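Take a look at the structure set out below.
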Ligand SMILES: Cc1ncc(C[n+]2csc(CCOP(=O)(O)OP(=O)(O)O)c2C)c(N)n1
Ligand SMILES: [Mg+2]
């Protein structure tokens, strides 16, 4: 007879989770390292009690906002190479639906996170319970069903024994490099507290191998043939290079073949910025070097990329009439994009196999091609230098100058985190990435507010490294809550707030599409009813200080140098606050080198929109559908 243990569903789940491990390349680690939680109706007596009872096996982190807890878990998972993550438990109702944004972000970015929202009573003794949405036509729907489309696996545990297959499936998906993303186990609160006789084997240590599938021989042979036939090949490195830890394999591939490597936001840092084959960011926020190579490439080799509209300049970037795509991707769905030839494999395995074959053939690009991109790259570097240059250190910096000051301060150990605003574009064009994981941009969901909680997650995974959250004023206001968490736990994140009184990025975009910056400045309403009055007297530095952070205010470039150096050396959570020049205008970085499709009004009375539409139609006419 199998021996059993009598535990509640919540207790069994916590014990089960604390015994799950991942393994890849001979390294084994805990899959669910800790659990974040905000308690309320729906988890306080179930999972809350279980976590209290098992604090030794399952560390608990207290958060302030459910969405932010998911961001922290995602930051931790990304920094851990997707081999370890956190769980997040919430109450029912608003606590649960606050997870939706975080879940979408995790799923889009292929980052594992386990969500454990409380749910309405399975036994329905007194509907509606507090915070229950009643759906008259469907008794089995709760607000947690909002999590279905943003989850890679969803189950509702309406009976204790259903936890067994469901928990195993949840682990399968979290550790599958193709499938991984948000995984949701909705837990009706009566079931959480219900006891059951669990088979002991459920709690035995279990190791999930994170696989590295190699390429199919025919696909590989075809890929080698395509590369050997190409005159102007270009690699586009995406986030899959990092997820697979394929940076060294990519460097070897690039050095062997001389093929230049451009990168997406998620892939930046795949090669160090000073690697001869690194040509920087590609697409709408890319460098002139990479975008010119993309325009003229006859073969684009996508490695671990989803080809978002930023990367393809909304279908207008790849202009060579003969261009073909070869997509090394572990997910067939992405491998087939742009009617490309798929090479379905783990990025590292696939690159190693390609390099070996191409080396056998002694394949290398023409020296003239290498000279061309090397010289172009040198010209772009001079533009970066010009953006960073400071003539008058006693004036307010521009945003690129802020990045220049940070650039001069950091080394390989620093990690910079950002997700939205004008910073992603500036960073993609300008930032000189010094290590494989220095550039932490969340640009799959580009979610304002990701930065601060993600920094806590990253710092938890990399406690000895300086971790910087870079935020605009709009982003800061969206989610400053987790500063309190960093202060409480002594997580010494560094926060850089860039104040420009509103949404500079969207303001610039609005202007370019005939929107006249409508609704994008943080200014008083003027007498004519528009938001064009003076800037608001909001003091974000005082706000951060009120939440417990040490705050350094920098008025000039000179102050900023000192403040950032002091923050870098600090071992408590420290914020640097700086106001940049030219409040409502563009940031001062080089303009976009490629288009991005934001449809402009087809009919309008205001001349700005009419003019913008003309330009829009010209761009649309250059779009290609690759077949
Ligand atoms: C949660 C969320 N809401 C809205 C947006 C759309 N959006 C992108 S950037 C931006 C403005 C960001 O302002 P700020 O952080 O001050 O940066 P700035 O543009 O001034 O550099 C907005 C509203 C978003 N990305 N995320
Ligand atoms: Mg701003």
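Go through region 204-218 residue by residue and tally those that are surrounded by fewer than 16 Cβ atoms within 10 Å (Cβ to Cβ) and touching a helix residue (DSSP H, G or I) at 6+ places or on another chain (Cβ under 9 Å). Working first, answer last.
Taking region 204-218 as the starting set, the residues that turn out to be surrounded by fewer than 16 Cβ atoms within 10 Å (Cβ to Cβ) are 204-207, 209, 211, 213-214, 216-218.
Subsequent filtering for residues that are touching a helix residue (DSSP H, G or I) at 6+ places or on another chain (Cβ under 9 Å) retains 206, 213-214.
Selection size over region 204-218: 3.
Suppose the filter is in a loop (DSSP other than H, G, I, E, B) and either within 27 Å of the chain's Cα centre (by Cα) or away from ligand 2 (no atom under 16 Å from the Cβ) (or both); does residue 363 pass it?
Details: in a loop (DSSP other than H, G, I, E, B): yes; either within 27 Å of the chain's Cα centre (by Cα) or away from ligand 2 (no atom under 16 Å from the Cβ) (or both): yes.
Yes, satisfied.
Is it the case that some residue within region 219-228 is crowded, with 23+ Cβ neighbours inside 10 Å and either assigned by TED's automatic domain parsing to the domain that holds residue 428 or closer than 17 Å to residue 355 by Cβ (or both)? Working first, answer last.
Of the residues in region 219-228, the ones crowded, with 23+ Cβ neighbours inside 10 Å are 223.
This time we only want the ones that are either assigned by TED's automatic domain parsing to the domain that holds residue 428 or closer than 17 Å to residue 355 by Cβ (or both), so: 223.
Yes, because at least one residue in region 219-228 is crowded, with 23+ Cβ neighbours inside 10 Å and either assigned by TED's automatic domain parsing to the domain that holds residue 428 or closer than 17 Å to residue 355 by Cβ (or both).
Out of (1) within 16 Å of ligand 2 (Cβ to nearest atom); (2) farther than 30 Å from residue 277 by Cα; (3) in a helix (DSSP H, G or I), what's the single condition that is false for residue 397?
Looking at each condition in turn, residue 397 falls short on (3).
Please go through region 454-479 and pick out each residue that is in contact (Cβ under 8 Å) with a residue 40 or more places away in the chain and in a helix (DSSP H, G or I).
To start, the set of residues in region 454-479 that are in contact (Cβ under 8 Å) with a residue 40 or more places away in the chain comprises 454-458, 460-462, 464-477, 479.
Those that are in contact (Cβ under 8 Å) with a residue 40 or more places away in the chain and in a helix (DSSP H, G or I): 454, 455, 456, 457, 458, 460, 461, 473, 474, 475, 476, 477.
Would you kindly identify the helices (runs of 4 or more DSSP H) lying entirely within region 56-171 that contain at least 1 residues that are closer than 23 Å to residue 459 by Cβ and either in the same structural domain as residue 447 (by TED's automatic domain parsing) or in contact (Cβ under 8 Å) with a residue 60 or more places away in the chain (or both)? It would help to see each step written out before you state the result.
On the way: elements: 66-79, 94-97, 99-108.
Those helices (runs of 4 or more DSSP H) span 66-79, 99-108.
Name the one entry in 529, 548 that is at positive phi and in contact (Cβ under 8 Å) with a residue 60 or more places away in the chain.
Details: 529 fails: in contact (Cβ under 8 Å) with a residue 60 or more places away in the chain.
Among 529, 548, only 548 is at positive phi and in contact (Cβ under 8 Å) with a residue 60 or more places away in the chain.
Determine if region 446-454 includes at least one residue that is away from ligand 2 (no atom under 16 Å from the Cβ), at pLDDT 95 or above and either touching a helix residue (DSSP H, G or I) at 6+ places or on another chain (Cβ under 8 Å) or outside the structural domain of residue 265 (by TED's automatic domain parsing) (or both).
Within region 446-454, one or more residues are away from ligand 2 (no atom under 16 Å from the Cβ), at pLDDT 95 or above and either touching a helix residue (DSSP H, G or I) at 6+ places or on another chain (Cβ under 8 Å) or outside the structural domain of residue 265 (by TED's automatic domain parsing) (or both).
Using the structure shown, decide if residue 15 is touching a residue at least 40 places away in the same chain (Cβ under 8 Å), part of a strand (DSSP E or B) and surrounded by fewer than 23 Cβ atoms within 10 Å (Cβ to Cβ). Spell out how you get there, then give the answer.
Numbers: touching a residue at least 40 places away in the same chain (Cβ under 8 Å): yes; part of a strand (DSSP E or B): no; surrounded by fewer than 23 Cβ atoms within 10 Å (Cβ to Cβ): yes.
So residue 15 does not fit the description; no.
When you scan region 338-359, do you find a residue that is assigned to a loop (DSSP other than H, G, I, E, B), out of contact with any strand residue (DSSP E or B) (no Cβ under 6 Å at 6 or more places or on another chain) and modelled with pLDDT of 95 or more, even just one?
Taking region 338-359 as the starting set, the residues that turn out to be assigned to a loop (DSSP other than H, G, I, E, B) are 340, 345-346.
Pick out the ones that are also out of contact with any strand residue (DSSP E or B) (no Cβ under 6 Å at 6 or more places or on another chain) and you get 345-346.
Checking the rest, the ones that are also modelled with pLDDT of 95 or more come to 345-346.
Within region 338-359, one or more residues are assigned to a loop (DSSP other than H, G, I, E, B), out of contact with any strand residue (DSSP E or B) (no Cβ under 6 Å at 6 or more places or on another chain) and modelled with pLDDT of 95 or more.
Listed residues 503, 524; which is within 16 Å of ligand 1 (Cβ to nearest atom) and in contact with a strand residue (DSSP E or B) (Cβ under 9 Å, 6 or more places away or on another chain)? Step through it out loud before you land on a result.
Values: 524 fails: within 16 Å of ligand 1 (Cβ to nearest atom).
None of the others qualify; the one that does is 503.
Does region 268-327 hold any residues that are at positive phi and in contact with a helix residue (DSSP H, G or I) (Cβ under 6 Å, 6 or more places away or on another chain), and which are they?
Residues of region 268-327 at positive phi: 269, 280, 283, 304, 307, 313-315.
Correct list: 280, 283, 304, 307.
So, residue 495, is that one at pLDDT 95 or above, away from ligand 2 (no atom under 11 Å from the Cβ) and on the phi < 0 side of the Ramachandran plot or not?
yes
If you check 58, 69, which single one turns out to be crowded, with 24+ Cβ neighbours inside 10 Å, modelled with pLDDT of 95 or more, at negative phi and in contact with a strand residue (DSSP E or B) (Cβ under 9 Å, 6 or more places away or on another chain)? Before the answer, list the steps.
Numbers: 58 fails: crowded, with 24+ Cβ neighbours inside 10 Å.
Checking each option against the conditions leaves just 69.
Are any residues in region 270-281 within 17 Å of the chain's Cα centre (by Cα) and within 16 Å of residue 426 (Cβ to Cβ), and if so, which ones?
Initially, region 270-281 is screened for residues within 17 Å of the chain's Cα centre (by Cα), giving 270, 281.
Once the filter is applied, which keeps residues that are within 17 Å of the chain's Cα centre (by Cα) and within 16 Å of residue 426 (Cβ to Cβ), region 270-281 yields only 281.
Among the residues of region 455-480, write down those that are away from ligand 1 (no atom under 16 Å from the Cβ) and touching a helix residue (DSSP H, G or I) at 6+ places or on another chain (Cβ under 6 Å).
Of the residues in region 455-480, the ones away from ligand 1 (no atom under 16 Å from the Cβ) are 456-467.
If the condition is that a residue be away from ligand 1 (no atom under 16 Å from the Cβ) and touching a helix residue (DSSP H, G or I) at 6+ places or on another chain (Cβ under 6 Å), then 456, 457, 458, 460, 461, 462, 466, 467 are the ones that fit.
Going residue by residue through region 43-53, is there one that turns out to be out of contact with any strand residue (DSSP E or B) (no Cβ under 7 Å at 6 or more places or on another chain), surrounded by fewer than 24 Cβ atoms within 10 Å (Cβ to Cβ), assigned by TED's automatic domain parsing to the domain that holds residue 170 and within 13 Å of residue 88 (Cβ to Cβ)?
No, because not a single residue in region 43-53 is out of contact with any strand residue (DSSP E or B) (no Cβ under 7 Å at 6 or more places or on another chain), surrounded by fewer than 24 Cβ atoms within 10 Å (Cβ to Cβ), assigned by TED's automatic domain parsing to the domain that holds residue 170 and within 13 Å of residue 88 (Cβ to Cβ).
Considering 520, 460, 530, 475, which residue is surrounded by 17 or more Cβ atoms within 10 Å (Cβ to Cβ) and over 18 Å from the mean Cα position of the chain (by Cα)? Working first, answer last.
Numbers: 460 fails: over 18 Å from the mean Cα position of the chain (by Cα); 530 fails: surrounded by 17 or more Cβ atoms within 10 Å (Cβ to Cβ); 475 fails: over 18 Å from the mean Cα position of the chain (by Cα).
Result: 520 is the single residue among 520, 460, 530, 475 that is surrounded by 17 or more Cβ atoms within 10 Å (Cβ to Cβ) and over 18 Å from the mean Cα position of the chain (by Cα).
What residue, of 526, 510, is farther than 30 Å from residue 73 by Cα, part of a helix (DSSP H, G or I), away from ligand 2 (no atom under 12 Å from the Cβ) and not assigned by TED's automatic domain parsing to the domain that holds residue 402?
On the way: 526 fails: part of a helix (DSSP H, G or I).
None of the others qualify; the one that does is 510.
Please go through region 421-443 and give me each residue that is within 16 Å of ligand 1 (Cβ to nearest atom) and out of contact with any strand residue (DSSP E or B) (no Cβ under 8 Å at 6 or more places or on another chain), ordered by number. It would help to see each step written out before you state the result.
If we filter region 421-443 for residues that are within 16 Å of ligand 1 (Cβ to nearest atom), which is where we start, we get 421-431, 441-443.
Answer for region 421-443, where residues must be within 16 Å of ligand 1 (Cβ to nearest atom) and out of contact with any strand residue (DSSP E or B) (no Cβ under 8 Å at 6 or more places or on another chain): 425, 426, 430, 443.
Please tell me if residue 446 is within 16 Å of ligand 1 (Cβ to nearest atom) and free of Cβ contacts under 8 Å to residues at least 40 places away in the same chain.
On the way: within 16 Å of ligand 1 (Cβ to nearest atom): yes; free of Cβ contacts under 8 Å to residues at least 40 places away in the same chain: yes.
Yes, satisfied.
Would you say residue 45 is part of a helix (DSSP H, G or I) and touching a helix residue (DSSP H, G or I) at 6+ places or on another chain (Cβ under 9 Å)? Can you show your working first?
Numbers: part of a helix (DSSP H, G or I): no; touching a helix residue (DSSP H, G or I) at 6+ places or on another chain (Cβ under 9 Å): yes.
So residue 45 fails the test.
Residues in region 274-286 that are buried (at least 18 other Cβ atoms within 10 Å of the Cβ) and either free of Cβ contacts under 8 Å to residues at least 24 places away in the same chain or farther than 18 Å from residue 597 by Cα (or both): how many?
At the first step, the residues of region 274-286 found to be buried (at least 18 other Cβ atoms within 10 Å of the Cβ) are 277-286.
Now restrict to residues that are either free of Cβ contacts under 8 Å to residues at least 24 places away in the same chain or farther than 18 Å from residue 597 by Cα (or both): 277-281.
Total meeting the criteria: 5.
In the list 604, 583, which residue meets the criterion of being farther than 29 Å from residue 386 by Cβ, in a loop (DSSP other than H, G, I, E, B) and modelled with pLDDT under 95?
Numbers: 583 fails: farther than 29 Å from residue 386 by Cβ.
Exactly one of 604, 583 is farther than 29 Å from residue 386 by Cβ, in a loop (DSSP other than H, G, I, E, B) and modelled with pLDDT under 95, namely 604.
Do we have residue 495 as away from ligand 1 (no atom under 16 Å from the Cβ) and in contact with a helix residue (DSSP H, G or I) (Cβ under 8 Å, 6 or more places away or on another chain) here? Quick ask: steps written out before the conclusion?
Details: away from ligand 1 (no atom under 16 Å from the Cβ): no; in contact with a helix residue (DSSP H, G or I) (Cβ under 8 Å, 6 or more places away or on another chain): yes.
Here the answer is no, as residue 495 does not meet what is asked.
Can you go through 379, 436, 432 and tell me which one is more than 16 Å from ligand 2 (Cβ to nearest atom), within 19 Å of residue 589 (Cβ to Cβ) and assigned to a loop (DSSP other than H, G, I, E, B)?
Values: 379 fails: assigned to a loop (DSSP other than H, G, I, E, B); 436 fails: within 19 Å of residue 589 (Cβ to Cβ).
Result: 432 is the single residue among 379, 436, 432 that is more than 16 Å from ligand 2 (Cβ to nearest atom), within 19 Å of residue 589 (Cβ to Cβ) and assigned to a loop (DSSP other than H, G, I, E, B).
The values are calculated or read from the model by the stated rules, or taken from the named source; none is laboratory data. Please read these numbers as outputs of a predicted model, since none were measured by experiment. Note that we place each Cβ from the backbone using ideal geometry, even for glycine, and neighbour counts take in every protein chain shown.
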